[in-house]
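This report concerns only the one structure given below.
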Amino acid sequence: MFFLIFKRFVLGLITLFIVSLITFIGVEILPGDACTSYLEREAFGEALAACIKRLGLDVPAHERYISWAYNVIQGDFGYSLSGQMQINEVLGPRIKNSLVLASAAIIIGIPLALILGIITALWRDKMPDIIISTVAIFSMTIPEFISATLLILIVAIWLEWLPGIVIVPTDVTFFELLPNIILPVIAIAMIMTAHMARMVRSSVIQVMASDYIQMAILKGVPYWKMVFKHVLPNALLPAINVVALTIAWLLGGVVVTEVVFNYPGLGRLVIESISNRDLPVVQALGIILASIYVSINFIADLLTLMLNPRLKTLQTRK
Amino acid sequence: MNTNIQEIKDLCIGFKSQKGEQISILRNITTNIRKGETVGIVGESGSGKSTLALAMMGYIKHGLFTTGGECLFKSKDLLSLNNKELEDIRGRKIAMIPQNAGQALTPNLKIGYQIEEALKLHTDFNKVEREKKISELLNQVRLPSPSIMALRYPHELSGGQQQRVAVAMALAGNPELLLLDEPTTGLDVTTQAHVLELLKDIAKETGTSMVYVSHDLGAIAQVCDRVIVMYAGEIVLEGPVRKILKEPIHPYTYGLLKSIPKLSLSGLPDSMPGSQPQPGNIGSGCSFYDRCNFSSDECKVKVPELEYLSDIDTSVRCFNHSELISKTSEQKITNDLKNKITIDEILDLKDVSISYAKQGIIDQFLNKVTDTNPTVKDINININKGETIALVGESGSGKSTILKSIAGLLKTKDGYIKFDKEKLLSGDLKKRNSEDLRSIQLIFQNPDESLNPNHTVEQILSQPLKLYFGLTGSKLKTSIAELLEKVRLGAFYMSRYPRQLSGGEKQRIAVARAFAARPDIILCDEVTSALDVSVQAAVLDLLQKLKEELGTTYVFVSHDLAVVKAISDRVAVLYQGRLCEIGPSKDVYQFPSHPYTEVLIGAVLEPDPDIRPKLVAEDIVEEKPPEIGCSFQGRCPRIIGDKCRNETPPWQIGDNGNAIRCHINIEELKIQQS
Ligand SMILES: Nc1ncnc2c1ncn2[C@@H]1O[C@H](COP(=O)(O)OP(=O)(O)OP(=O)(O)O)[C@@H](O)[C@H]1O
Ligand code: SF4
Ligand code: SF4
Ligand SMILES: [Mg+2]
């Protein structure tokens, strides 16, 4: 088991390494370099030379990669072009904002998804299921820019209950941010909950139809005890990975929602830095998003390993 | 005093079809289960056995509902009780042992917990007493070291052990009635024999009434006092086990018994034409009319009633049962094999070893073989043209592995496979030329998985014809029609999809597909295991007729020793991927010399209550073959100490042309066994 975990860990590191290489090479083979694409028409003479000097573009590519990677490992992503500030300073507040948005969505969405999924499965084909499932399918099929826009239209413009778009500086404090995130969170949670609830529902139904549940019923196990002891642990195990992917998706920036609400998170930063041709930031974002995916999946694997008795052997239990 | 523990009166269960019609799957079931008695329910797949057994616990599956009748347990109608009242009865008064214990134990809960749960629900024991009782129960079902077992998860037990745990769990509540749904199906022969023995002992010790549901008349013969035979949702025959199995007076039971291959008879069993009607498709007369050899005009229009014959304590649903009484004493099978075996060797397996162990990247790079204990080792078999050779052994003995490597789906680690005396067969499918591929065809166990559900029969059969012979147009059509005729199906089947075929028909299509390539060798991997006995007999018959006509060579893999006896000329017995014995089937079956062959053949259940299996070895399951010594040392009842543990046994040739691998002299073995 230890070996397995170690293997996954090493695989994760290798993935990150490959991602970093790909982003680096990608940026490298773009026509022109960071300076020409940033300075555009002013890319000549002194300005260009100064820029090249500052970014160290005069050394060969592999040396640049090594020193870049070395700095990244130390937590230093170098300088952004547009703001002329340290990338860390650019990223910090954005990560925090994305985290706030994601956590809020997770705290609301995941328990809700579990509860709804279980209810729909246990009352399969009855009224609660029919109603909840219809709503879920509805919110799954409407694209998020439409549901987000509708939310703004109804809640912010017609009812004027909440601010429609977020117009705050990037580095606001947590409490100032709070009222601003309500609408984005609702928009995200709707889709996420719907997806996950459907997943949980089919997983629970599948377990309910299994031989061991029929056996538990025939053994005389009372209904709710059966649900909690025999059904849920087995039905929710496969859900862990889906939850992990959802969390990674949330943290990586929900681009569309952030853009619609003008929310200063990672997702919008991706768009901004691409349109500004701020290649160092794009590079940094690539590696950060990849790390988020890799580490969350790693945690999910760990959890599954720990919870699934099939993957445990007698020795490791003792 | 009422001696019946359960009384079922006129029970009907059905479902609503998509068109809204009501379709019944159990019709007018009336029967009683007496106290202390073991009753067997037999019937083909889909005859409603499980539905009936579940109804006996007041459980109706999602989608089904009762349309009439009652199911009285001690005069209380289970079908009218609410969930709360049922929870009180289930497990405590009536317990169930499921078909597949591996799937019927909750995977995330330890064995001990699951038994304790039953105890908590059904007894007033305190914690200490419960723990004591768990040990007792595990002991009662003969599981080794109960305290360790209790801490295990279901997946950490073998199939036989899981089944024992299920029995222990059912016994926890001290039930008065025990329902068993195919409790030994899917277990190895030896394991099956042991579990049945255990059930019999428990019935004797505790006096519990049992209802034993199975399609396997061999198992029924061993444990039951009385037998109920079901066909298409009805009871067609019911009576004492000896009467039913030895003098069946219903045409269906008569035919069924004749279609079972038996160790005591040679040659192929008689087959029964047709197949059981689907629910909703039952005509106005007797449900067996289409397949019956004894039918009269009356049968077509009138439904026979279940008639009780008091002189033989038997109920039968047939107008013409009296005609059978005289017939049942005949017992002869003359369908002996007429294989034309030539002296030409067609396939030669020399020192073949096969390993599933995955090589590490580095070893692969260095081309280094690391597995010193491969799954299959030292296989030497040569097969002559026209012969049927069978590979037998329990699950995990490497039968399918060997077939796969002949087919080119698995690489051999050592040794070689030669085809037609000189051609070396590559272990890599991609390296085989089209001629090699054509000559060797494979038929799989489960036609559902091997036939593409989106292709019509015509498309399925045209693939090999196009690929190997480049047939097109009308030539292709006639070839397909010929193939269908060969497997006794009409040309109108061409436009059908696999889902529109019955199990037996699907397997016929699979056979036709294999023959389409006009192969020299056909590899049959458990081809009849998924079929009902009556259908199995027909498929075996078909395979035999085809080979007699075309001279094809078969390599036939099956876990069913009686089937193997019926169809094979020679048999190779495997244990843990190592050969134990190889020789002419007649002799191997009559005088099994190797200790493992003896154990295996001894455990076969015959559909005759007077023939008991001989249990000579424990049914422990070994994960891996031993590194050195005899492969069978772990279970051998005749083991002679260190020699068996340390030295690979030599081949010995017996005087019947059989060869065995054992340290004990073959003559000596003969004396010991008699
Ligand atoms: N939920 C259901 N809805 C509709 N038909 C069903 C349902 N469950 C079972 N059936 C049908 O009822 C018939 C009897 O089923 P049952 O499971 O009792 O057969 P069985 O004799 O136990 O067969 P087997 O040997 O395969 O276990 C079958 O034709 C089956 O297709
Ligand atoms: S009633 Fe007629 S058709 Fe039915 S089993 Fe008897 S003889 Fe055959
Ligand atoms: S060699 Fe020894 S262990 Fe193996 S079968 Fe013969 S007696 Fe048994
Ligand atoms: Mg069944």
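Checked against the criterion of being under 28 Å from the mean Cα position of the chain (by Cα), in a strand (DSSP E or B) and away from ligand 3 (no atom under 16 Å from the Cβ), the range B:306-320 contains one or more residues that satisfy it. In the set A:Ala187, A:Ala244, A:Ala194, A:Ala209, only one residue is surrounded by fewer than 23 Cβ atoms within 10 Å (Cβ to Cβ) and either touching a residue at least 40 places away in the same chain (Cβ under 8 Å) or away from every other protein chain (no Cβ under 14 Å) (or both); that residue is A:Ala244.
Within the range A:227-237, is even one residue more than 14 Å from chain B (Cβ to nearest Cβ), open to solvent by 20 Å² or more (accessible area, probe 1.4 Å), more than 30 Å from B:Ile94 (Cα to Cα) and not hydroxyl-bearing (Ser, Thr, Tyr)? Looking through the range A:227-237, none of the residues is more than 14 Å from chain B (Cβ to nearest Cβ), open to solvent by 20 Å² or more (accessible area, probe 1.4 Å), more than 30 Å from B:Ile94 (Cα to Cα) and not hydroxyl-bearing (Ser, Thr, Tyr). Among the residues of this structure, A:Ile106 does not count as one that is open to solvent by 50 Å² or more (accessible area, probe 1.4 Å), modelled with pLDDT of 85 or more and closer than 30 Å to A:Ile191 by Cβ.
The criterion of at least 3 residues that are open to solvent by less than 60 Å² (accessible area, probe 1.4 Å) is met, among helices (runs of 4 or more DSSP H) falling completely within the range B:376-466, by B:399-407, B:434-439. Residue check: is B:Gly186 open to solvent by 10 Å² or more (accessible area, probe 1.4 Å) and away from ligand 2 (no atom under 16 Å from the Cβ)? For B:Gly186, the condition - open to solvent by 10 Å² or more (accessible area, probe 1.4 Å) and away from ligand 2 (no atom under 16 Å from the Cβ) - is met. Looking across the range B:498-530, the residues that are of a type outside the set (Val, Ile, Thr), in a loop (DSSP other than H, G, I, E, B) and either modelled with pLDDT of 90 or more or touching a helix residue (DSSP H, G or I) at 6+ places or on another chain (Cβ under 6 Å) (or both) come down to B:Ala517, B:Arg518, B:Pro519, B:Asp520. Scanning the range B:93-141 for residues that are among the polar types (S, T, N, Q) and open to solvent by less than 70 Å² (accessible area, probe 1.4 Å), we see that the one that is nearest to ligand 1 (Cβ to nearest atom) is B:Asn100.
In a residue-by-residue description of the range B:103-116, the property of being facing chain A (nearest Cβ under 10 Å), assigned to a strand (DSSP E or B) and among the small types (Gly, Ala, Ser) applies to no position.
Per the conditions (1) more than 21 Å from the chain's Cα centre (by Cα); (2) more than 10 Å from every other protein chain (Cβ to nearest Cβ); (3) hydroxyl-bearing (Ser, Thr, Tyr); (4) open to solvent by less than 30 Å² (accessible area, probe 1.4 Å), the sole criterion not satisfied by B:Thr191 is (1). May I ask you to verify whether B:Asp587 is acidic (Asp, Glu), at pLDDT below 90 and farther than 24 Å from B:Lys377 by Cβ? So B:Asp587 fits the description; yes.
Out of the residues in the range B:93-102 that are in contact with a helix residue (DSSP H, G or I) (Cβ under 6 Å, 6 or more places away or on another chain) and in a strand (DSSP E or B), state the one that is farthest from the other protein chains (Cβ to nearest Cβ). Filtering first and then ranking leaves B:Ile97. Taking the range B:41-92 as the range and being more than 30 Å from the chain's Cα centre (by Cα), at the interface with chain A (Cβ under 9 Å from one of its Cβ atoms) and open to solvent by 50 Å² or more (accessible area, probe 1.4 Å) as the test, the residues that pass are B:Asn83, B:Lys84, B:Asp88, B:Arg92. For the range B:269-291, a residue qualifies if it is open to solvent by 30 Å² or more (accessible area, probe 1.4 Å) and either more than 21 Å from B:Ile23 (Cα to Cα) or within 16 Å of ligand 4 (Cβ to nearest atom) (or both), and the qualifying residues are B:Asp270, B:Ser271, B:Pro273, B:Gly274, B:Gln278, B:Pro279.
The values are calculated or read from the model by the stated rules, or taken from the named source; none is laboratory data. Here the structure is a predicted model, which is why all the values come from computation and not from measurement. Cβ: placed from backbone, ideal geometry, glycine included. Neighbour counts: every protein chain shown. Side chains included, ligands, DNA and RNA excluded: accessible areas come from the protein's heavy atoms. Shrake-Rupley method; radii C 1.70, N 1.55, O 1.52, S 1.80 Å.
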